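Below you'll find the structure, written out as structure tokens, and then a few comments.
The values are calculated or read from the model by the stated rules, or taken from the named source; none is laboratory data. This is a predicted model, so every value here is computed, not measured. Here the Cβ is made from the backbone with ideal geometry for all residues, glycine too, and neighbour counts use every protein chain on show. Ligands, DNA and RNA are stripped out before the accessible areas are found, and what is left, the full protein with its side chains, is counted by its heavy atoms. Shrake-Rupley method; radii C 1.70, N 1.55, O 1.52, S 1.80 Å.
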Amino acid sequence: MQPTGMLGEDGIHVDMNHLKKGEVNLGTSIMAINFKDGVILGADSRTTTGAYIANRVTDKLTQVSDTIWCCRSGSAADTQAVADIVQHHLSMYAVTNDEQPTTQTAAAIFQDLCYDNKDQLSAGIIIAGYDHRHGGQVYSLPLGGSLHKQSYAIGGSGSTYIYGYCDSYWKENMTEEGGIAFVKGALSEAIKWDGSSGGVIRMVVLTAKGAVRHLYLPDQAYEGPGKQPKAV
Amino acid sequence: MNHFPQAWGRPRDDIYGHYNSSYLQTANPTQHTQSPVVTGTSVVAIKYKDGVVIAADNLASYGSLARFTDVKRLRKFNSSTVLGFGGDVSDMQYLDRLLNDLDVKENYSHADDEASQLSANNLHTYLSKVMYKRRTDFNPLWNHILVAGISSESEPFLASVDLLGTTFSSPSLATGYGAHLAQPIMRKLVPDEEAVKGISKEQAVDVVKECMKVLFYRDARSMDGYSIAVISKEGIEIKENEKLENQSWQFAERIRGYGTQVN
Amino acid sequence: MTSIGTGYDLSNSVFSPDGRNFQVEYAVKAVENGGTAVGIRCKDGVVIALEKLVTSKLMKPNANKRIATVDRHIGVVSSGLVPDGRHFVVRARAEAAEWRKIYKAPIPVHSLADRVGQYVQAHTLYSSVRPFGITAIVGGWDSETEVPVDGQVGSGPSTGAGGKKEGGKHGGPFLYMIEPSGLFWGYYGAATGKGRQTAKSELEKLDLAAGTLTLEQGVKEAARIIYVAHEDSKDKEFELEMTWISSLSGPTKGRHEEVPKEIREEAERLAKKSLDDDDDDEEEEKKDDKMEE
């Protein structure tokens, strides 16, 4: 097989983003932020195989326990497998230890999987969760498997276009409305400039009251419909 | 004797045709995609008469992207040793946990006297074995580490170990770009062990800060926020949110064009 | 022992017709001969104390520690067969290390007690093993503050996390006792070994459930209780071994450590004094009796 990617300056062939043939890529814009009452996760909805949009209404926001969610980027197959394993671990944790897992616990398990299998995986994950003891927390877990606690985290191919936007407009302790506007503003810019990002904007707001989904559509200028009813 | 099992007592080629042994072959040798992803740049350190000063900036880069600006790359091990990590951040976290486990095990015995705790040179030896083992497995930990602290003999100790398990010791050390840009500056102050005895803590701190400034000017993977630690027999002082001071940019106003231009 | 000769006490995995596991009951006998161990759960920490019987004058005083550290924040002591206690500690440490490997945080005391409890219980199920000849006391402190992920870089918002519920109580002191059957409960005060009955009645007098006893007082009480419990086996020499785990703001900063020599010796002095006072009282009473004659 011909190597893909590019040669590093030291002559070693470097291609961390390499996807297996035909693999579905979440060339993506994802983010999660801390705000006054908890955390907000956000993502676009485009999944591509090359230039073809395999799914235009993807849900990249994945629940791993009651109030711990993650945003997935990289290989769809890899990140789904990792999220499924973490979800299993966390549900076992809750029953064997008589207490809900914290966001730290989730982040630690995600890292264990992504670091130990870094050679096989292409997964960039943002973990965000809420618990009564620690409040809202955001962790970033980029490609190599390092874990970073952050005020807000952005990820995926589209994130490179919004580093400036986020750094300029970021404020700590925003209200829920402020937080939603921030996430929406950032993701709509990423969608605008990144060909691998697009479709709708999905969000999840995690607070003491639980998880609430939001949806914003491009044909409504990302103004609505907004809050989604709980699934039954 | 032929040691390949597929050759033992097999049907004759001239009658039955060539034996298809392809099923015996494993797919490929195991490969480790080993190259750093999220990385920290230089670490610099220098000995002085009573201890060691060590510094590293707080940046973790993702290629040329300055991705994380709050990554503390000086990690305190115990009351007498600080490690400075250059290279891959995930491997740094792995080593941090490995040493944390080591520290837990060290404290199983109730020994409360300081003399029985691992000294900086003990830790450096341990790390060099870990790093060499991993490179021998063709799965290196992609770091260049400086170990700064107090040795078993209560002397200032400074040594490095890299991803191959190579070790060095010197009155001053620097990793990455620091080896090119900072080492010459520090060596002027401490050319040899003898010179260390004449260096005060203030002199050592000043030269390290100067080095961090030069590195910020010339290393494209650096930033101006950094951590600095002073390790002496009195303990460890660590400051993790320092900003570079007294930078020199004013002269830019005298620079016009690239040769003959005057306006 | 009515069971002897019935044959139902010979194998670990065999019940007697009335539903007893005799091997486990014999293991309890091994515990009843061991030196007394006590644990006290105070409001700001846990004390563990042991009456270490001196088996030979050729052993170095204050060496050969019997109270072990598991991870940084948990202490374990046991009465009964010392080698079984050692193995129990090895397993406890392995469980704590395994927990750290996966969750990158210290193991909560109740989770450790649960795991070692399961392990001890498993030794009552198979004919190829015998039950543990120990009762173990496990004491520890779960951090009352936020615990970072081991190896964490980055720190989140400078203003702190949003939406935190204020005033919630988290972590604190915990104490468990695990018996040869694998049974374990959480306790305010726990005692095992030869002098357990005396020690338990002394512990009950402390009203530990009120949660008012401080760690400093707890150390003195633990020392006193060991001395009181030793009265029954006065002919044997012993050393008092004592460790503690305090809150993060206390003397050990959430770590399991030996009680400093000065504090222990002061506690021993007070313990001996209170015993002498009791003796005097008794003698006086006897004198009174005599005068009545």
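For this structure, a couple of remarks:
- Beta carbons closer than 8 Å, at least 6 apart along the sequence or on distinct chains, pair a first residue in region C:228-246 that is within 14 Å of chain B (Cβ to nearest Cβ) with a second that is in a helix (DSSP H, G or I) and open to solvent by 20 Å² or more (accessible area, probe 1.4 Å) for C:242/C:264.
- Where residue A:53 falls short, out of the listed (1) open to solvent by less than 10 Å² (accessible area, probe 1.4 Å); (2) in a strand (DSSP E or B): (1)
- Only one of the numbered conditions (1) modelled with pLDDT of 95 or more; (2) within 17 Å of residue B:230 (Cα to Cα); (3) open to solvent by 30 Å² or more (accessible area, probe 1.4 Å) is violated by residue B:98, and that is (2).
- Of the strands (runs of 3 or more DSSP E) lying entirely inside region B:61-101, those containing at least 1 residues that are out of contact with any Cys (no Cβ under 6 Å at 6 or more places or on another chain) and within 8 Å of chain A (Cβ to nearest Cβ) are B:65-68, B:81-88.
- The sole residue among B:82, B:89, B:104 that is at pLDDT 95 or above, open to solvent by less than 30 Å² (accessible area, probe 1.4 Å) and either of a type in the set (D, E, K, R) or out of contact with any Phe, Trp or Tyr (no Cβ under 9 Å at 6 or more places or on another chain) (or both) is B:82.
- Here residue A:39 qualifies as within 14 Å of chain C (Cβ to nearest Cβ) and modelled with pLDDT of 95 or more.
- Only listed residue being among the aliphatic types (A, V, I, L, M), over 22 Å from residue B:78 (Cα atoms) and in contact (Cβ under 8 Å) with a residue 40 or more places away in the chain, chosen from B:195, B:252, B:179, B:148: B:179
- Check on residue C:245, within 16 Å of the chain's Cα centre (by Cα) and modelled with pLDDT of 95 or more: yes
- Entry remark, region C:110-148: residues being more than 14 Å from chain B (Cβ to nearest Cβ), of a type in the set (Val, Ile, Thr) and out of contact with any Leu (no Cβ under 9 Å at 6 or more places or on another chain) number 4 in total.
- Considering each residue of region A:63-77 in turn, at least one proves to be among the basic types (Lys, Arg) and either more than 24 Å from residue B:95 (Cβ to Cβ) or at pLDDT below 95 (or both).
- From the options C:172, C:151, C:162, C:156, residue that is within 14 Å of chain A (Cβ to nearest Cβ) and surrounded by fewer than 22 Cβ atoms within 10 Å (Cβ to Cβ): C:172
- Selection status of residue C:186, under 16 Å from the mean Cα position of the chain (by Cα), of a type outside the set (Ser, Thr, Tyr) and surrounded by fewer than 16 Cβ atoms within 10 Å (Cβ to Cβ): yes
- Failed item, numbered, when residue B:158 is tested on (1) assigned to a loop (DSSP other than H, G, I, E, B); (2) open to solvent by less than 60 Å² (accessible area, probe 1.4 Å): (1)
- Considering each residue of region B:21-35 in turn, at least one proves to be at pLDDT below 95, in contact with a strand residue (DSSP E or B) (Cβ under 7 Å, 6 or more places away or on another chain) and not in a strand (DSSP E or B).
- Applying a threshold of 9 Å to beta carbon distances and a minimum spacing of six or more residues, or different chains, the list of pairs starting in region C:202-216 at a residue that is at positive phi and ending at one that is open to solvent by less than 40 Å² (accessible area, probe 1.4 Å) reads C:207/C:213; C:211/C:42.
- Qualifying helices (runs of 4 or more DSSP H) (wholly inside region A:61-180; at least 3 residues being closer than 23 Å to residue C:170 by Cβ, away from chain B (no Cβ under 14 Å) and open to solvent by less than 30 Å² (accessible area, probe 1.4 Å)): A:76-97, A:103-116
- Meets criteria (away from chain A (no Cβ under 14 Å) and farther than 15 Å from residue B:103 by Cβ) for residue C:91: yes
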